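None of the figures in this text is laboratory data; all of them are computed from the coordinates on show. As the structure is a prediction and not an experimental result, all values here were calculated from the model. We place every Cβ from the backbone using ideal geometry, glycine too, and count neighbours over all the protein chains shown.
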Amino acid sequence: MSSSEYSVYVEHEYLARVLPVILIVVYSSTLLFGISLAVTNPAYAHEVLEPAIRSVEESPLTKLCQEASKLWFSEKTLEATLLIVIIGFLRTLSELITALLPPYVAFTYFIEGLFIGTSEYMERLILVMYIPVIAGDLISISFIESGLFQILLSKMKNRPLGNISVVLIITGIIGVFVASYLATISSCIIEGILLSHKPGF
């Protein structure tokens with residue numbers, strides 16, 4: 001390996017290690033900012049969340065999730081499972097498309113932060129259940145975006161592409177897939193079970 005090739009390799013390896021960390025910090029910061037803003041200014045949080053909640057409630061995925069929940073609690077397990085598989089796939093696809101738009105991803109985590117910081121919209125038990133899913137999703141998207149950015153940079157600078165970029169993208173896609181299905185099962189099934197045990201439900 002020549003000195004110039006070694007220099008490119010070192011630069012690429014350094015970027016591969018640093019960029020995911022930078023993105024994780026940025027997205028975590030937007031999430032924490034949303035939480036702190038919701039705690040300090042709940043009126044603003046409610047105002048921002050109002051259209052977001054309406055949009056989520058009216059979305060096709062939410063309607064499919066409600067249908068899956070009804071089927072599950074009606075003991076139609078096979079139909080419910082099939083619907084959950086479809087919802088999980090659609091969520092995965094949506095997350096992967098979203099990963100191509102970093103500003104939108106940052107805004108999404110800001111909204112998530114407002115949800116977390118606003119106790120009226122989420123029960124504490126349900127909130128605890130979603131935190132690992134949000135964290136996994138955040139890390140996975142950071143990996144995907146890091147890999148894509150390195151590929152783009154390699155093409156722009158006409159430099160060889162390192163294997164780490166592909167590894168980051170594949171790891172991120174697997175992470176998004178797992179997080180999407182965990183979120184689907186949590187929102188369609190487990191959330192209903194937790195709420196059914198809530199006093200007065």
Quiz item: By per-residue mean of other Cβ atoms within 10 Å, what is the highest-first order of 54-60, 18-24?
Solution: 18-24, 54-60
Quiz item: For the residues Thr98, Thr92, Thr77, Thr184, what sequence is obtained by ranking on other C-beta atoms within 10 Å, fewest first?
Solution: Thr77, Thr98, Thr92, Thr184
Exercise. Please arrange Cys65, Cys188 by counting, for each residue, the other beta carbons lying within 10 Å of its beta carbon, fewest first.
Key: Cys65, Cys188
Quiz item: For region 62-84 and region 21-43, what is the separation of their C-alpha centers, rounded to whole Å?
Solution: 33 Å
